[in-house]
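One structure is given here, and the rest of the page talks about it.
We did not get these values from a lab; they are worked out from the coordinates using the rules stated. Source: prediction; values computed, not measured. Positions of Cβ are generated from backbone atoms using ideal geometry, with glycine treated the same way; all protein chains shown enter the neighbour counts.
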Amino acid sequence: MFKDRKDAGQALAQELEPYRSEDVLVLAIPRGGVEVGYQVAKHLDADFSLLIARKLPYPDQPEAGFGAVAEDGSTVILEKASRWVSDETVEAVVEDQRQEMKRRVAVLRKGEPLPELEGRTVILVDDGIAMGSTMRAAIKLCRRRDAGKVVVAVPVASEEVTDQFVGARDGFADEIVVLEQPPYFRAVAQVYERWYDVPDSEVVALMDRWRRKHQGE
């Protein structure tokens, strides 16, 4: 159990210590992954930025999803889940999420492009993995941009998802680091004492703090 996302990020950072000597870029998935990623990048003295990826929610059940899309258009559609959604609905939901991703790039990353990924060790961080489609879309983006190594690092995920995440194919990581794998996994929130939906303002404040400390602003 973690006190909050800061506590989880500090614990995760310790497990990632072996990467300190590599040319590491930590990319956090907003909004829940930003505090976690901040702590990892701070500990590893690594470069840090945000990678925007979004779940594709069912129109009538937005807490569930049938896939995900990343900011470059890399898309993951879950075959079983998508059987209940028409092609027209998929296109409409994807377009809605594209617009939200554009907004997040503008607001959370201040319109800045992603850092160069080619040849680098990219550590993708979130506050946890549920179905895994959002993280998989993020991995696909990294592969398309020729990252040297892709490492997924999260405080919590189910054992089933973790076992399916590593492989040589597009959309899979070279390594996954997970701190907690609850035997009865229900939701990411179950391993946090303090859980809340992170607002834009908190992400912006964290990124401003990072810039001041590491970019001399």
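Taking amide H as placed 1.01 Å from N in the peptide plane, ASP47 has its amide H under 5 Å from the amide H of VAL24, VAL26, each at least 5 places away in sequence or on another chain. Helix 200-214 versus the longest principal axis of the chain: what angle, 0 to 90°, nearest 10, using Cα atoms? Its long axis makes an angle of about 30 degrees. In this structure the amide hydrogen of GLY65, modeled in the peptide plane, comes within under 5 Å of the amide hydrogens of TYR58, none closer than 5 places in sequence on its chain. Projecting the Cα atoms of GLN39, PRO62, LEU50 onto the dipole axis of the range 1-90, where Lys and Arg carry +1 and Asp and Glu carry -1 at the beta carbon, places PRO62 farthest toward the positive end.
Put +1 on the Cβ of each Lys and Arg and -1 on the Cβ of each Asp and Glu in the range 81-157; which of LEU114, SER86, GLN97 then has its Cα farthest toward the positive end of the dipole? Going by the charge dipole, the pick is LEU114.
Highest mean first, the peptides 18-24, 147-153, 91-97 sorted by other C-beta atoms within 10 Å per residue fall in the order 147-153, 91-97, 18-24. Once you sort the root eigenvalues of the Cα gyration tensor of the range 121-217 as a ≥ b ≥ c, which label holds: rounded (a/c under 1.5), prolate (a/b larger than b/c) or oblate (the other case)? Verdict is oblate for the range 121-217. Charging the Cβ of each Asp and Glu at -1 and of each Lys and Arg at +1, and nothing else, the dipole of the chain about its Cα centre rounds to 400 debye.
Taking the helices alone, the chain has a mean residue ellipticity at 222 nm of -11500 deg cm²/dmol, built from -39,500 (n - 2.57) per DSSP H run of at least 4 residues and averaged over all its residues. Take the residue pairs LYS80/LYS102; LYS6/LYS140; LYS55/LYS80; LYS55/LYS213; LYS110/LYS140; LYS110/LYS213 and return only those whose Cα atoms are more than 25 Å apart. Pairs exceeding 25 Å: LYS80/LYS102; LYS6/LYS140; LYS55/LYS213. Would you mind classifying the range 1-44 by shape? Square roots of the alpha carbon gyration tensor eigenvalues, ordered a ≥ b ≥ c; an a/c under 1.5 is rounded, otherwise it is prolate if a/b is larger than b/c and oblate if not. Here the range 1-44 falls in the oblate category. Listed by chain and number, the lysines whose C-alpha is less than 21 Å from the C-alpha of LYS3, apart from same-chain residues fewer than 8 away, are LYS42. For VAL177, nonlocal amide neighbours, meaning residues 5 or more places apart or on other chains whose placed amide H falls under 5 Å from its own, are VAL152, ALA153, VAL154. Charged side chains reduced to their Cβ positions (Lys and Arg at +1, Asp and Glu at -1) give the range 175-217 a dipole of some 140 debye around its Cα centre.
Taking Cα atoms only, the orientation of helix 5-15 departs from the longest principal axis of the chain by about 70 degrees.
Run through the DSSP bridge list for the range 58-217 and note the antiparallel percent, rounded to the nearest 5.
Numbers: 5 of 17 bridges.
Once the DSSP bridges in the range 58-217 are tallied, antiparallel ones form about 30 percent.
Mind pulling the angle between the C-alpha long axis of helix 33-44 and the longest principal axis of the chain? Nearest 10 degrees, somewhere in 0 to 90. For helix 33-44, the angle is close to 30 degrees.
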